[in-house]
């Protein structure tokens, strides 16, 4: 993959810095390294059959990455070496003495030789690995009072001391000669510790689920404070009426208990103190108080409100799951439970610090729910996605940026981009909408009464589009918007439609196992191929439209031509969810229900002859190959979009000379241009006024100075004269 747009939520230690400008976070079924300025992406895929990352840790020398993965059979713990180009898997840690349990938290020792892992409660263990050899050095059972997050970390100065917290326990262990000895006694009521961080070699700060911060020094309670639930700064200022209404909304969203109780969900230390998050959407920075013991709050940092969203206030209410600082501590990056990553630039001086500040998106907002539609166009290097998070987004896969994003009132099920890339069709749960993609906005140009449209597609020439309405395919003109013809004959719901390259035929498939080929000039079926037992989910056509490839619920890839199934290739225990054929017809790509991508060569062989790539953590929902056969785009239920570079071994890549020239044009509303022109005019007038004013002031100054000079000159000449007369006398 050359780029990945997406982030996996709820990963322990889910985001960390590798260098000042390089961030690593979990995405899909692996991890992603990305550069904040140069925007390059580097994907580290998980082990085989990986379903995604549960916990990760980077060693203090930033050379190794430990990853705990969820897989089909049993959990995997692996260590990777982070080289410049590609990360390489060094060791997979497993031991016969310990049953494999899901590791929920990981930590490297300061010298990067030991790895401590905490496994999931209720059978919680603290496991100590000498990972280079892979040898299990020690393990101890840590009983928990109940469910809840569990975290493990090393003393920053001591390679043998480790701290582990969880529901009802806070324990320090020291390792010596194959055993872990507990070093502290717990006094007082056990609490549910959500997270902790080392502030120095003796001090550990812990946060609980009731908003209490406790500072332990060598295992004894030293200082504590309780934090309140914070409301976003805008809400506090608003008058009480809206406030009551809002908290009412919040109660519906969250259940009444959570709204009022602070919960410290994440904590991280830096040189001056620590940062923690007591309630959704905010991070507080604390600094050490020099005069008296303890720490004082110095700053609040809030998540920003989404301007493109229908409910902008909602975005400020995400739980923050992980906080990390860059090596120079100039930047703080946080991840949230809604798959988003935000960053904040830290101020060192006290002069410019405000009490409340705001995060910015680390790159751009990402999808937070399953992606249902994906399409690309021929004029521009852009792709459109729509998702159950009710948003439609336009991405650029050459620059790895998000160009447009807008959230709507209803869930979006399908999207199709016009070949020019200036318009798109989106099927929502209530209507099908034809949308103009403006320079900075999306404008709904026309609506069609097609409810729950699950599939729509522009023709390759862009003059027609097809929309699925139940089991009827409606063909509309995209110039006059009239319903040209309806294709009737399917008995089940239509799941996929594809246009032939010359736009004279449409091939469609449905839930009752039928694949039909339609002639658009007559509006009649030309050929059909029915297999009652298979629920088809996706089809793809070769460029000359002679061969159709179809996948469905019966775990095979079918090659259909001349109204009959020519070949069936078994999928080996997974369900194929999508299929795409390259324009050259030599490569066939299929996506599976496990999130992997398989690449096969044409003609198909019945043996197990394919390459499988680890990619997504959920089923692949859509895939498409770009017109120049250079990239494969895939989208999945995990909310990630992957962009793959396609290397065709036999045909070689495209020659550089044939590379497409992309269009630069954009659409803009006349009213927007008028507004901008008006603003320019106003500013020009303003500038003129200021110029004349400053000229006038300068003239006044000049006159004043000239007057002064004259007076001085007169004074001096008089004195000279008087002195002359004196001397002459």
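Under Stokes-Einstein, with the Kirkwood radius over Cα pairs as Rh, the value for the range 489-555 at 25 °C and 0.890 mPa s is 208 µm²/s.
Highest-first packing order for the peptide set 153-159, 1-7, 535-541, 224-230 is 1-7, 535-541, 153-159, 224-230, based on the mean count of other beta carbon atoms within 10 Å.
The share of C-alpha pairs in the range 94-227 whose separation exceeds 24 Å stands at 24 percent. Please state, as a whole number in µm²/s, the translational diffusion coefficient that the Stokes-Einstein equation yields for the range 1-93 at 20 °C and 1.002 mPa s, with Rh defined as the Kirkwood radius across alpha carbon pairs. Once the numbers are plugged in, D ends up at 163 µm²/s.
Order 315-325, 384-394 from most to least packed using the mean count of other Cβ atoms within 10 Å.
Values: 315-325: 21.4, 384-394: 23.4.
Put in order of decreasing packing, that is 384-394, 315-325.
Rg/Rh for the range 156-208 stands at 0.97; both radii use Cα atoms, and Rh follows the Kirkwood definition.
Listed highest first by mean packing, meaning other Cβ atoms within 10 Å per residue, what order do 588-597, 330-339 come in? List each step's numbers first, then the result.
Working: 588-597: 23.8, 330-339: 21.1.
Ranking, from highest mean packing down: 588-597, 330-339.
Each 10 Å bin from 0 upward holds the following percent of the Cα-Cα pairs of the range 371-572: 9, 36, 35, 18, 3.
Taking 10 °C and 1.306 mPa s as conditions, the range 327-439 diffuses translationally at an estimated 99 µm²/s according to Stokes-Einstein applied to its Kirkwood radius (Cα pairs). Just how far, in whole angstrom, is the range 559-603 from the range 174-217 if you go by their alpha carbon centroids? A separation of 53 Å, based on Cα centres.
Would you work out if the chain is rounded, prolate or oblate? Take a ≥ b ≥ c from the square roots of the eigenvalues of the alpha-carbon gyration tensor; rounded if a/c is under 1.5, else prolate when a/b is larger than b/c, oblate otherwise. Provide the component values of the computation, followed by the final result.
Working: a/c = 2.11, a/b = 1.19, b/c = 1.77.
Oblate is the answer for the chain, as a/c is 1.5 or above yet b/c matches or exceeds a/b.
Per-residue ellipticity at 222 nm from helix content only, as computed over the chain with -39500 (n - 2.57) for each DSSP H run of at least four residues, stands at -4000 deg cm²/dmol.
Taken together, the values in this text are just the output of simple stated rules run on the coordinates, not laboratory data. Keep in mind that what you see is a predicted model, and the values were worked out from it rather than measured. Cβ sites come from the backbone with ideal geometry, for glycine too, and all protein chains shown count toward neighbours.
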